[in-house]
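The structure appears right after this line, and notes come after that.
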Amino acid sequence: MAVLAATWGASYLFIKVGLRDLDAAQIVFSRTALAAIVLLPFALRTGGLGLLRQRKAAVLIIALIQVVVPFMLISVGESHITSALTGILIASVPIFTALLAMRFDHAERSSGWGAAGIGIGILGVALLFGVDLSGDSAALLAGGGILLAGLCYAAGGMLIKAQMTEMPPAALATSTMCVSAVLTLPFALVHPPTSLGLDAAASVLALGTLGTGLAFLLFYTLIAGVGPARASLVTYLAPAFAVVYGTVLLDERVTVATLAGLGLILAGSWMGAQGRAPWRRRQTVAVRGPASVHPYP
């Protein structure tokens, strides 16, 4: 779990460095193509790719909602805000899942402590926008775009739960990465890079193979070993790694408001997903579909 959290948290660092020489479309194409290469042998071994041929439209929609759009929004957003802040804002995905569940999924609805957690998480987001992003219209738009990426992750997870529960996760992940690479290739070719430094190239290679491809394999292995409920807790560890990487390796500024926002968002996300106060033990373990299907970032 620690390895997976460290890998996910580094994804924002890799994106930030990759943006020095590549644009957002080139980064998204590269990471999805590399991830597809890493995942394909695993998908072939576990099977299920043939089943997805009958669900081409659904795979296309999921690729757009869960990969292409959020990956693009995150990459564009990091052109204007820090990698640490990006990792913190993406941690709001469980909050969006709980909000969408109020309308679309009765089984995932939050009440009591879960509903309180949604409110706490929203306060954390408001704090970040009011302090760290205030006074800069580009940063505000970037932050809004990254929140929209989180909403896409939540919506995509619920869509997968509703329509793809019978599909092997590795096969679904591989197919969505392949489709996403094909969709973003034309945009990546619009403005070919004039130069590509070693740092940017290595970062994109690590982003695709480790932060996207290997992260899937680790996540599914973790689900098999400890179950989806405990495996989903890794999403609360990754933002802390993102903050450490950004501060130590990129010399990004982290304010008291940043840390306070991180604490509120993580606490709210945890309460919204678990439906209980931190000091109370869970009585039953529920398998939550979105958390067990698609990792992020």
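The values are calculated or read from the model by the stated rules, or taken from the named source; none is laboratory data. Predicted model, so just to flag it, every value in this text is computed and none were measured. A quick note on method: Cβ atoms are made from the backbone with ideal geometry, for glycine too, and the neighbour counts reach across all protein chains shown.
So the values come out like this:
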| quantity | calculated |
| --- | --- |
| Looking only at the range 195-225, and only at residues there that are touching a residue at least 40 places away in the same chain (Cβ under 8 Å) and of a type in the set (Ser, Thr, Tyr), the one that is surrounded by the most Cβ atoms within 10 Å (Cβ to Cβ) | Thr212 |
| Hey, Ala24 out of contact with any strand residue (DSSP E or B) (no Cβ under 6 Å at 6 or more places or on another chain), closer than 24 Å to Val244 by Cα and free of Cβ contacts under 8 Å to residues at least 60 places away in the same chain or not | yes |
| Search result, residues across the range 185-213 that are closer than 22 Å to Thr7 by Cβ and either touching a helix residue (DSSP H, G or I) at 6+ places or on another chain (Cβ under 6 Å) or of a type in the set (S, T, N, Q) (or both) | Asp199, Ala200, Ser203, Val204, Ala206, Leu207, Gly208, Thr209, Leu210, Gly211, Thr212, Gly213 |
| Flag if Pro192 is loosely packed, with under 15 Cβ neighbours inside 10 Å, closer than 24 Å to Ile61 by Cβ and either out of contact with any Gly (no Cβ under 9 Å at 6 or more places or on another chain) or modelled with pLDDT of 85 or more (or both) | no |
| Candidates Thr46, Thr32, filtered to the one that is of a type in the set (S, T, N, Q), out of contact with any Leu (no Cβ under 6 Å at 6 or more places or on another chain) and surrounded by fewer than 23 Cβ atoms within 10 Å (Cβ to Cβ) | Thr46 |
| Criterion (in a helix (DSSP H, G or I) and either in contact with a Lys or Arg (Cβ under 7 Å, 6 or more places away or on another chain) or more than 28 Å from Leu250 (Cα to Cα) (or both)) met by exactly one of Ile65, Ile27, Ile74 | Ile65 |
| Top-ranked residue of the range 226-261 - restricted to ones that are more than 19 Å from Ile90 (Cβ to Cβ) and either modelled with pLDDT under 85 or polar (S, T, N, Q) (or both), ranked as surrounded by the most Cβ atoms within 10 Å (Cβ to Cβ) | Pro228 |
| Residue under evaluation Leu60, criteria (1) under 16 Å from Ser175 (Cα atoms); (2) surrounded by 22 or more Cβ atoms within 10 Å (Cβ to Cβ), criterion not met | (2) |
| Given (1) touching a Ser or Thr at 6+ places or on another chain (Cβ under 9 Å); (2) more than 11 Å from Ser175 (Cα to Cα), number of the condition Ala43 does not satisfy | (2) |
| The range 30-49, residues that are without any contact (Cβ under 8 Å) to a residue 12 or more places away in the chain and either among the hydrophobic types (A, V, I, L, M, F, W, C) or part of a loop (DSSP other than H, G, I, E, B) (or both) | Leu44 |
| Conditions (1) in contact with a helix residue (DSSP H, G or I) (Cβ under 7 Å, 6 or more places away or on another chain); (2) surrounded by fewer than 22 Cβ atoms within 10 Å (Cβ to Cβ); (3) in a helix (DSSP H, G or I): number failed by Asp21 | (3) |
